[in-house]
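To start, the structure under review is shown below, and the notes come after it.
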Amino acid sequence: MFGWLFMAAILMCVILYIYRSVIGITEKSNHELSTSFSKIRRKEIDDEVAFGRINAMEAQQLIRDLKLEESNKITEYGYFSNNKATQFALTLFLVVTVIGSVFLYERLGFPKEVEFANAISKESVTPEKLSEFLLFRANKYDKAEDWYFVAQDFLSQQNYDEALPAFQRALDKMPDDVDNKVRVSVEYAQAVFYSNGQKVNDKMKALVDEVLLLNPNQSTALGLKGIAEFDSQNYREAILVWQKAILVGQDIRERFALLEGISKARDMGNISNDEIPSLIQKRLIIKLDTSNVEVIDPQSVFLVYAKLIDQPMPIAIKRLAPDDITNVIELTNLDNLMPGATLSDASKVDIIVKLSKLTDSDLTQGKIIGKKEGVLVDKAGLLIIPVTF
């Protein structure tokens with residue numbers, strides 16, 4: 001703030017200097033003009049007397065008129081420069097205008113936006129600066145997207161108590177956009193759940209029910225709905241809801257968590273597969289033998305998939321990062337790439353392991369580094385597949 005006041009003072013001094021300079025130049029110009037006019041007029045009067053066109057009395061009257069006119073011109077030209085009230089009013093106007101414009105500039109927050117833009121260009125944005133700027137923008141513009149970004153920032157810091165009111169402000173300001181409202185409400189419900197020590201409460205239930213009313217197939221909301229049912233000891237309903245979440249979801253890690261929850265619900269409710277059939281009807285357990293591999297490029301992507309012997313398209317596929325290839329890999333009938341045949345429709349498959357790069361436009365065109373053909377799905381145990389590349 002002091003920096004902007006200093007700039008305002010400098011700007012005011014410059015304007016006043018220009019103002020005084022213009023007045024000085026104007027006074028000098030007016031004086032020179034008046035003096036030049038007087039000399040010419042006096043010479044004309046002398047010439048008129050010399051040629052006998054006017055007498056001495058008339059000449060004296062003309063000189064008196066000239067002096068009166070000179071006096072009027074000086075008063076007229078010097079009004080603004082010599083009138084103290086006018087000078088004070090103009091000076092006050094300049095001061096108020098300059099300081100007011102700088103104060104308004106500061107009040108509207110433009111310096112913060114300029115400073116943040118400069119920090120981005122210099123790659124010197126710290127998490128603290130980012131949080132401060134996001135909160136500043138949210139308070140300044142009071143828009144849904146700005147409050148959403150504030151809530152996301154608080155979530156990244158695991159500051160759930162601060163994230164909750166930001167989510168609520170975002171929802172209050174949000175127009176009637178179903179997709180965005182569903183997305184924000186789901187994240188809001190998750191924040192409520194974590195803020196409450198990962199325990200179900202009425203606020204979370206209300207948010208989840210609202211989301212499912214808008215989109216009955218929202219997988220994350222279904223997962224939270226299952227947690228609420230499990231917490232209420234409605235184990236059968238929890239299993240059904242979680243199974244639906246698995247069918248409509250795409251996140252593999254989320255699927256593992258849901259399958260674990262289903263297993264617990266079966267144990268707690270003593271619910272067998274006969275009562276509620278399992279979603280996983282067939283599975284293949286695979287372990288990659290990397291003993292012949294010395295170095296793995298961190299930019300690598302591995303595809304492990306099963307395909308029918310006479311068909312090129314996978315019926316079950318997993319994408320793995322370099323850190324995942326030493327883990328046990330499970331292919332199930334839920335891992336189909338697209339609608340159609342799944343692992344449950346196959347009796348015999350070929351298992352392929354491909355290596356690609358993250359930068360490749362089509363990962364399926366990678367290099368085959370491992371293969372096992374003619375695997376009987378129903379009789380397969382742990383499959384060890386050597387890979388070399």
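The values are calculated or read from the model by the stated rules, or taken from the named source; none is laboratory data. Just so you know, these numbers come straight off a predicted model, no measurement behind them. Ideal geometry is used to build each Cβ from the backbone, glycine not excepted, and the neighbour counts take in all protein chains shown. The accessibility values were calculated without ligands, DNA or RNA, using every heavy atom of the protein model including side chains. Shrake-Rupley method; radii C 1.70, N 1.55, O 1.52, S 1.80 Å.
Details
- Sorting the segments 346-354, 202-210 by their mean number of nearby beta carbons within 10 angstrom, highest to lowest, gives 346-354, 202-210.
- In segment 218-339, the portion of solvent-accessible area held by carbon and sulfur atoms comes to 49 percent [1.4 Å probe, whole percent, DNA, RNA and ligands not counted].
- J(HN,Hα) series, segment 220-227, from Karplus relation 6.51 cos²θ - 1.76 cosθ + 1.60, nearest Hz, glycine and proline x: 5, 5, 5, x, 5, 4, x, 4
- Segment 345-389 - charge dipole about Cα centre, Lys and Arg +1 at Cβ, Asp and Glu -1, debye rounded to 20: 180
- Label-to-label distance, ASP251 versus LYS379, with points set 7 angstrom from Cα along the beta-carbon direction: 4.1 nm.
- The lysine pair tally for segment 157-254, using Cα distances under 17 Å and a gap of 8 or more places or different chains, is 7.
- A full extension of the chain between THR388 and ASP177 corresponds to an added length of 70.9 nm, given 0.36 nm per residue minus the alpha carbon distance.
- The Cα center of segment 191-225 and the Cα center of segment 350-389 differ in position by 38 Å.
- Count Lys and Arg as plus one, Asp and Glu as minus one, and take only other residues whose Cβ is under 12 Å from that of LEU155; the net charge is then -4.
- Taking 20 Å as the straight-line reach from the Cα of LYS348, the aspartates and glutamates in range (excluding those fewer than 8 positions away in the same chain) are ASP310, GLU330, ASP335, GLU373, ASP378.
- Summed residue charge, Cβ within 13 Å of LEU358's Cβ, Lys/Arg positive, Asp/Glu negative: -1
- Ranked order, LEU320, LEU247, LEU308, LEU376 - accessible area, probe 1.4 Å, largest first: LEU247, LEU376, LEU308, LEU320
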